[in-house]
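I have placed the structure first, in the form of structure tokens, so that the comments after it can refer back to it.
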Amino acid sequence: MSEATSEKHAFQAEIQQLLDLVVHSLYTDREIFLRELISNASDAMEKLRHVEATEKDVHDAGLPLRVEITADKEAGTLTIQDHGIGMTHDELVENLGTIAHSGTKAFLQAMKESGKSPETMIGQFGVGFYSAFMVADEVKVFTRSWRKDGEGLVWTSDGASGYEIEPAEGVARGTKIVLKLKEDQKEYAEEYRVKHLVETYSNFVGFPVMIDGKRVNEVEALWLKNKSEISDEEYKEFYKFQAKAFDEPQYRLHFSADAPLEINALVFVPSENPERMGFGKVDPGVALYCKKVLIDPEPKGLLPDWMRFLKGVIDSADLPLNISRETMQDSALVRKIGTVISKRVLKMFDKEAEADPEKWRGFYKKFDRYFKEGVATDFANKEALAKLLRFESSMTEAGELTGLKDYLSRAKDGQEEIYYIVGSSREQIEASPYLEAFKSRGLEVIYFTDAVDEYVADSLAEFDGKKLRSIAKGGVDLEDAEVEGEALSEDETKALCEFLKSEFGDKVTKVEAGKRLVDSPVVALVPEDAMTPQMRAMMKAMDENFSDEVKVELEINPRNELIKRLASAKDGNPELAKLVAGQLLDNALMAAGLLEDARDTVRRMNELMSKALG
Ligand code: ADP
Ligand code: MG
């Protein structure tokens, strides 16, 4: 960059779009701009503390770490200053001119995808630094990086087309933001108004916040305080501040231990799930501190990955302050801390789910994917996670959820297995022939209807010593049940089975009379080790050459009217019997989700129809 000259930049297109929204559409909640700027100042100072602990050469070392706010009524300006890490020239361009950082990006994406109005969206996201333009005509950012080779700079913008960067004299390390307030926003140059905002939104900033030289906030690391001294309100405020959240926490865990490790943790469970809004995977949100100094705001590998939706703080006095983010993951101590807290979190979930099942189900509906992911990936916590899973079953109403513990409490005496079926929806499952035998015997069947459920069932394999068993697969042993209705004789049944087997040849492994069916004529059972239709669909989506032929076992129902007629038709009218047999197999495959090519089916159907019409 050339010395002592000003340099004009245009905003990136997305920023332009965002600013346009900020300036023209967002009329509510303007006051959050202060929270955003204070939060940025606090972030910059936390980063500085970390830099000071790990680097030798810090410019202007020893400056006080606090947020200084100055309201100038005469001039109609509001100034927010910190002595945090500051920004270099390139960082200014990157951080305030492009959309590389997460919060703003998420906001724009959500706007696009939800089709909701920006007013309703801002409440959920905030727009970070750019919210300054909700109240200011012009924003100046004076900044000086902590790096020795940094320089004093000023960034100026009217929030319209672009910004300008110029060298500036006498800038202390850190950042000073000067807002020239809009004509109708001059209230933010009033000390009492600003004070009220700080008390409302920024009470828990971990640094003193000064307004015109007077300290306003209570600086406290809430997680180090005694539980009995903290009100629900304070917890909520802290959550919103720390997680930069706009929702309310759903659950929380406040945990302290002195031995064997000194740990203080305050973990929050949000009520909104960002990944559900189509943002992709979020970063872990429980920050790691050592004696109030932030070590890593998004520590990977501290808690199991599936817990990434949690927010909050884990503080351990036993951690070395200068532990780097790279070595963190290899640290046995960090792993230990993670294990202790994740066990506590699961215990908390379990307690909450017991205490208020209704609330848990509501929460689970939004966050189920994390728990399912956990079952498949977090081996150490599989049992505890399994208890938390919820699903519909043949004994719940549509939309109602139940759990494995409840399932077992309803199980029949001597029932050794947990039955489930995978399908695309409750309706599809209930229309399939598989359920009949279980319904008639009063056996509960879990309905797995989420695309990942099959994988979850496979990973889980068993619960409380009982195996999970797919009822669409062979090998399920059911007790004899009282069956109603006149059946084919044993000889007739055997002859029919032989006829069918010779008709179907290699397409089926065997044809047998079964105990499962009550109403339907036939059911196709998939071999125990075969993929389910869902899994096959996924494999096909990934590999177009994927093909595996599944050979099914066909069970016929000797009490079914159609089967009885087929038995006599095979001698009296073999040609028609063959057509009907072929169609029965296709119907069974269809119900199993295994019919891949329907061309033969259609041809046969047409033939059958023309025969039926004579
Ligand atoms: P976010 O805080 O979510 O990253 P913002 O829009 O609030 O998004 O800020 C954008 C970026 O600008 C920050 O990530 C940070 O790098 C930089 N920034 C903003 N304010 C300051 C500040 N006071 N000191 C240093 N850097 C800052
Ligand atoms: Mg911010």
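Only the coordinates and a few stated rules stand behind these numbers; no lab work does. If you're wondering where the values come from, they're calculated on a predicted model, not measured in any experiment. As a convention, Cβ positions derive from the backbone with ideal geometry for all residues, glycine included, and neighbour counts pool all protein chains shown.
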Point-charge dipole on Cβ atoms (K/R +1, D/E -1) for the chain, about Cα centre, debye to 20:
500
Given 5 Å bins starting at zero, what is the percent of C-alpha pairs of segment 1-88 in each, up to the one with the largest pair distance?
3, 10, 14, 14, 17, 20, 14, 6, 2, 0
Would you please calculate the Kirkwood hydrodynamic radius of the chain over all C-alpha pairs and express it in Å, rounded to one decimal?
29.1
Where both partners of a DSSP beta bridge lie in the chain, what percent of those bridges are antiparallel, to the nearest 5?
75
How many nm is it between the label spots at residue 428 and residue 291, if each spot is 7 Å from the Cα in line with the beta carbon?
5.9
Share of Cα-Cα pairs in segment 130-176 beyond 15 Å, whole percent, is 46
Stretch residue 271-residue 335 to full length: gain in nm at 0.36 nm per residue minus the Cα-Cα span?
20.3 nm
Computed ³J(HN,Hα) along segment 425-432: with the Karplus parameters 6.51/-1.76/1.60, θ = phi - 60°, integer Hz and x for glycine or proline, the list is 7, 4, 4, 4, 5, 6, 8, 7
Global size of segment 473-614 as Cα Rg and Dmax, reported in angstrom
16.1, 49
Using θ = phi - 60° and Karplus 6.51 cos²θ - 1.76 cosθ + 1.60, couplings along segment 158-171 (whole Hz; Gly, Pro as x):
9, x, 9, 9, x, 9, 10, 10, 10, x, 9, 8, x, 8
Square roots of five times the C-alpha gyration tensor eigenvalues of segment 381-458, ordered largest first and given in whole Å, equal 19, 17, 11
Out of all DSSP beta bridges with both ends in segment 266-373, state the antiparallel percent to the nearest 5.
55
Just the number, please: percent antiparallel of the DSSP beta bridges in segment 482-614, rounded to the nearest 5.
45
Mind grabbing the base-10 log of I(q)/I(0) for segment 453-509 at q = 0.18, 0.20, 0.21 Å⁻¹? Debye formula, identical points on the C-alpha positions, no solvent, two decimal places.
-0.88, -0.93, -0.95
A student asked for the Cα radius of gyration and Dmax of segment 286-420 in angstrom ought to give 18.1, 59
Along the dipole axis of segment 433-501 (charges at Cβ: +1 for Lys and Arg, -1 for Asp and Glu; origin at the Cα centre), the most positive-end residue among 459, 487, 446 is 459
Please rank 156, 5, fewest neighbouring Cβ atoms within 10 Å first, as an exposure proxy.
5, 156
Residue 575 versus residue 16, label points 7 Å from Cα toward the beta carbon: distance in nm?
7.5
Which one, 88, 508, 563, projects farthest toward the positive side of the charge dipole computed for the chain from Cβ point charges (K/R +1, D/E -1)?
88
Full-extension gain between residue 184 and residue 359, please, as 0.36 nm times their residue separation minus the C-alpha to C-alpha distance.
58.6 nm
Hydrodynamic radius by Kirkwood, which averages 1/r over all alpha carbon pairs of segment 350-502, in angstrom:
17.2
Counting only residues 5 or more places away or on other chains, whose amide H sits under 5 Å from the amide H of residue 168 once H atoms are built in the peptide plane?
152, 153, 154
